[in-house]
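Peer 1: The structure is given below, and queries will be raised subsequently.
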Amino acid sequence: MPVIPGSFAYHRPATVSEAVGLLAQLGEDARALAGGHSLVPMMKLRLATPAHLVDLAGVASLKGIQADGNDIVIGAMTTQHELVGSELLRTKIPILAETSLVIADPQVRYMGTLGGNVANGDPGNDMPAVMLCLGASYQVTGRGGERRIPAREFYQGAYVTALKPGEILTAVRIPVPPAGHGSAYEKLKRKIGDYATAAAAVVLTMNGGKVASCSIGLTNVADTPLWAEEAARILTGSGLDPATVKRAVAAAEAITSPATDNRGPAHYRTKMAGVMLARALARAKERARG
Ligand SMILES: Cc1cc2nc3c(=O)[nH]c(=O)nc-3n(C[C@H](O)[C@H](O)[C@H](O)COP(=O)(O)OP(=O)(O)OC[C@H]3O[C@@H](n4cnc5c(N)ncnc54)[C@H](O)[C@@H]3O)c2cc1C
């Protein structure tokens, strides 16, 4: 099995418009390069053989984490490590640091970017389900200008997304969940550094001991990340009593369609999605005020 990528030309634009221009000019033989921690392994296995890499590392405007009204806007080239260290995210959207910390290992997180994680389209990536859960949207720029795509409409199949050829994702825009919300990301993996056998993201608010709002995302139990809308609807208004949680878990399991692979048979992975969801709900409730 080859472990050396095929040859390619390397481009290092300094601005978004230069990057978009290069991608348009070079056409389908070109790929954007972010942290390289999904793309380069694919190239080493010759599962991807781009003739041109357009490295986004020199585009300073793609970095950074900023508040913008009630949203937080995170530049696509912000690393997973930087998400862990951000004080703004720790206080406003703590599920992002919690999720980053279960991605791979520190070496990967130093290089791997949020934009690469969500644009990649691999159902095993952890951030996409969290973005569905949070109601995030993706800012993208192409030759035709800028547009915003809701994360819940972005994922179309394994490695198939709403990004058009030549477009790059510039930022992830996340509405800040209400103060006092509780959240949790629970991930079952075979060992440190592994992708999820199944994982669940929960963001909820409580009022007088009842769930006032709830959103749920599931990782790696279908070709795309899943937003478990019906499960969340069942939980809303409840006190998260065992019978209601059981019904919600069943509703979430019903929308999964995982592959049988070396992480286990499909049925097992569906059940583990349910277990992760029940754990995430309990932890999110513990953390919520109200
Ligand atoms: C050992 C190992 C373990 C890992 N474990 C996990 C894990 O448990 N969970 C997890 O979520 N991930 C895991 N990863 C993947 C890691 O998080 C990657 O860093 C991430 O998936 C991709 O981010 P990147 O910045 O490295 O993107 P790259 O690898 O550079 O790019 C990935 C893809 O996205 C495209 N792309 C990147 N940025 C943009 C952009 N701004 N606009 C448009 N397209 C873009 C590229 O063209 C490419 O197709 C693991 C990786 C390794 C090597």
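The values are calculated or read from the model by the stated rules, or taken from the named source; none is laboratory data. This structure is a prediction, so every number in the text was calculated from the model and none was measured. Cβ: placed from backbone, ideal geometry, glycine included. Neighbour counts: every protein chain shown. Heavy atoms of the whole protein, side chains included, go into the accessibility calculation; ligands, DNA and RNA do not. Shrake-Rupley method; radii C 1.70, N 1.55, O 1.52, S 1.80 Å.
Peer 1: Beta carbons within 10 angstrom, averaged per residue: use that to sort the peptides 182-193, 14-25, highest first.
Peer 2: In decreasing order of mean packing, 182-193, 14-25 become 182-193, 14-25.
Peer 1: Let me ask something additional. Can you tell me the length gained on complete extension of the stretch Ala250 to Asn70, counting 0.36 nm per residue apart and subtracting the Cα distance?
Peer 2: 61.4 nm
Peer 1: Okay, moving on. Under the rule of at least 5 residues apart or a separate chain, name every residue whose amide H is placed under 5 Å from the amide H of Thr170.
Peer 2: Distant-sequence amide H within range of Thr170: Gln139, Val140, Thr141.
Peer 1: Around Arg109, under 14 Å between beta carbons, what's the net of Lys plus Arg minus Asp minus Glu among the other residues?
Peer 2: My count for the surroundings of Arg109 gives -4.
Peer 1: While we're here: Please identify, among Asp194, Asp71, Asp241, the residue showing maximal mean-square fluctuation in a Gaussian network model of the chain using a 10 angstrom Cα cutoff.
Peer 2: Its mean-square fluctuation being the largest, the pick is Asp241.
Peer 1: Can you tell me the dipole magnitude for the range 60-175 around its Cα centre, using point charges on the Cβ only (Lys, Arg +1; Asp, Glu -1), in Debye to the nearest 20?
Peer 2: 280
Peer 1: What number comes out for the charge environment of Gly274, summing +1 per Lys or Arg and -1 per Asp or Glu over other residues with Cβ under 12 Å away?
Peer 2: Taking every other residue near Gly274 into account, the sum is +3.
Peer 1: Amide H of Ser213: which non-local residues (sequence gap of 5 or more, or other chain) have their own amide H closer than 5 Å, using H built in the peptide plane?
Peer 2: Those lying under 5 Å, H to H, from Ser213 are Thr205.
Peer 1: Would you mind checking Lys164/Lys187; Lys189/Lys271; Lys246/Lys285; Lys92/Lys191; Lys44/Lys187 for any pair whose Cα atoms are more than 19 angstrom apart?
Peer 2: Too far apart for the 19 Å limit: Lys164/Lys187; Lys92/Lys191; Lys44/Lys187.
Peer 1: Follow-up question, since we're still on this one. Taking the DSSP beta bridges in the chain as the whole, what percent of them are antiparallel, to the nearest 5?
Peer 2: Close to 85 percent.
Peer 1: Continuing with this model, one more query. GNM on the chain, C-alpha springs below 10 Å: top fluctuator among Gly157, Gly274, Gly121?
Peer 2: Between Gly157, Gly274, Gly121, it is Gly157 that shows the largest mean-square fluctuation.
Peer 1: Ignoring ligands, DNA and RNA, what accessible area per residue does the chain give at 1.4 Å, in Å²?
Peer 2: 45
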